Amino acid sequence: MDDSSAEPRNSDQQHSFPTWLSYTIVGVVIILIGVGAYFGYQAYSQPSGEGAKAVQPMTTVVVAEAKNQTWQSQLEAVGTITAVRQTELTSEMAGKVVGIEFDSADRVKDDQLLVKLDTSSEEAELDSLVPQLKQATADATRAQELIQSNAISEEAYEEAYTEAKRLQADISQQQAIIERKKIRAPFSGELGIRMVDLGQYIQPGTAVASLQQITPIYVDFDLPEQNAGRISAGQSIKVSVTAFPDETFMGKVVAVTPLIEEATRSFTVRGELANDQRKLKPGMFADVVVLLPERRDVVTVPRTAIAFNAYGKSLFVVRPTGSASDDANTSTDADAVDDSPDEQLVARRVFVQTGQGRGLDIEIAKGLAAGERVVTAGQLKLSDNAPVEISDDDVTSDVAETPRRP
């Protein structure tokens with residue numbers, strides 16, 4: 001019994017994993033973890049001094065100098081181009097179109113005949129009334145002579161005189177109908193699309209064409225109520241439209257409404273443009289700039305230098321390593337940023353406040369001094385304090401200075 005019971009225990013000991021080997025494996029794992037933690041700590045705690053700079057790659061950038069400029073103050077708005085005069089030409093009378101004296105988009109003069117309706121019945125009636133009037137006029141003259149000699153009664157004289165007046169009124173009425181069946185231009189301007197055809201029978205009120213006077217032409221725009229005291233008639237304006245992005249149209253303010261709209265707290269201004277080339281059309285969307293008399297000094301940089309982020313607007317300033325002018329609000333002379341050929345340059349991120357933009361430049365209201373060099377190309381590869389070298393090529397030189405929308 002004792003021998004048989006010992007055999008199974010010996011069998012279990014033969015198949016079990018050696019205890020010493022388990023301890024060995026655990027020890028090796030612990031050593032590997034420790035070595036990994038040590039090297040990780042060394043990499044994390046490496047100082048960001050000269051060693052860090054040695055491994056950071058050099059970035060080639062294009063720079064431009066922040067400049068002092070004097071800008072004329074201005075107000076910006078959006079508006080709509082409006083014709084000085086415009087109307088829809090319609091017929092006063094019913095009738096068949098027998099004459100069309102214009103084509104679509106024609107330029108016409110005041111009182112020019114455009115459409116003629118059939119007046120044959122009115123002209124026939126007129127032809128019959130003319131001899132009747134002649135006879136009635138002769139009868140009235142004869143009656144006046146007879147009444148002076150008491151040859152006829154007063155009643156006969158009045159009847160002859162009334163008949164002559166009635167026929168004269170009938171003739172005037174027929175002449176007026178004939179004239180009303182001729183549609184004329186009420187003022188000089190440009191016609192729209194022709195909407196009638198020869199032989200067409202039209203009713204009173206039927207549209208014939210639109211007519212608009214566009215030389216000169218108006219632009220209407222709204223400004224906030226706080227600007228009410230800064231706008232007056234005669235001030236110059238600049239207008240641009242998407243149809244002609246490379247052109248600016250000059251004009252002047254001709255009217256300022258005295259009413260401030262309660263819903264929008266704004267007021268309407270009307271400007272007038274010569275439009276001699278007739279490029280501006282009624283209904284066009286327009287960007288308007290009102291030029292104010294005062295001027296102000298501003299610091300400007302190219303628009304391409306500004307990065308717009310959710311946390312603010314920023315740009316990169318190129319300075320020598322260890323430059324004391326890290327404060328963006330510190331005034332910097334242009335000579336102060338000159339660097340020696342062997343001096344390392346770095347790009348510092350500076351947060352700024354921007355103002356108005358004009359052309360390819362934008363105003364820096366706060367955060368940058370004139371004379372600083374800002375990165376205008378290559379900043380997508382930069383981080384704060386990244387080493388840089390300045391490229392001799394200006395990548396913006398090939399960009400045409402297209403006038404921007406105000």
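The values are calculated or read from the model by the stated rules, or taken from the named source; none is laboratory data. These numbers come from a predicted model, not from an experiment. Every residue, glycine as well, gets a Cβ built from its backbone with ideal geometry; the counts of neighbours run over all protein chains shown. Remember, those area values only see protein heavy atoms, side chains included, never the ligands or the DNA or RNA. Shrake-Rupley method; radii C 1.70, N 1.55, O 1.52, S 1.80 Å.
For the stretch 240-307, the convex hull drawn through the C-alpha positions has a volume of 194 cubic angstrom per residue. Given +1 at the Cβ of Lys and Arg, -1 at the Cβ of Asp and Glu and no other charges, the dipole of the stretch 164-212 around its Cα centre is 240 debye to the nearest 20. Measuring against 22 Å, Cα to Cα, the residue pairs 116/279; 116/165; 67/313; 109/182 contain 116/279; 116/165 as the ones spanning a longer distance. Database remark: amide H of residue 356 closer than 5 angstrom to the amide H of 363 (H placed geometrically; neighbours at sequence offset of 5 or more, or on other chains; Pro and chain starts carry no H).
Taking all protein chains into account, the per residue accessible area for the stretch 182-229 stands at 46 Å² (1.4 Å probe).
For the listed residue pairs 134/181; 96/181; 238/366, the alpha carbons are over 18 angstrom apart in 134/181; 238/366.
Probing with 1.4 Å while keeping every protein chain in the model, the per residue accessible area of the stretch 109-149 equals 63 Å². Here the simple spin-label model places points 7 Å from the Cα toward Cβ, and for residue 118 and residue 195 these points are separated by 2.3 nm.
Any idea how far the Cα center of the stretch 55-128 sits from the one of the stretch 256-275, in Å? Going from one Cα centre to the other spans 21 Å.
Summing Lys and Arg as +1 and Asp and Glu as -1 over all other residues whose Cβ lies under 13 Å from the Cβ of residue 228 gives a net charge of -1. In order along the stretch 224-239, the phi-based Karplus estimate (6.51 cos²θ - 1.76 cosθ + 1.60, θ = phi - 60°) of 3J(HN,Hα) comes to x, 4, 5, 9, 4, x, 9, 10, 8, 4, x, 5, 6, 10, 10, 10 Hz; Gly and Pro are listed as x. Shown for the stretch 117-166: the carbon plus sulfur share of the solvent-accessible area, taken with all protein chains present and a 1.4 angstrom probe, equals 48%.
Backbone amide hydrogens, once placed in the peptide plane, bring residue 391 within less than 5 Å of 61, 62, 63, excluding anything fewer than 5 places away on its chain. 3J(HN,Hα) along the stretch 141-150, derived from phi through the Karplus expression 6.51 cos²θ - 1.76 cosθ + 1.60 where θ = phi - 60°, amounts to 5, 5, 5, 5, 5, 6, 5, 5, 9, 6 Hz, with x in place of Gly and Pro. Each Lys or Arg adds one and each Asp or Glu subtracts one; over the other residues with Cβ under 15 Å from the Cβ of residue 281, this totals 0.
Amide H contacts of residue 344 (H built 1.01 Å from N, in plane; Pro and chain starts excluded): 321 sit under 5 Å, all sequence-distant by 5 or more or on other chains.
Solvent-accessible surface of the stretch 55-101, averaged per residue with a 1.4 angstrom probe and all protein chains in place: 51 square angstrom.
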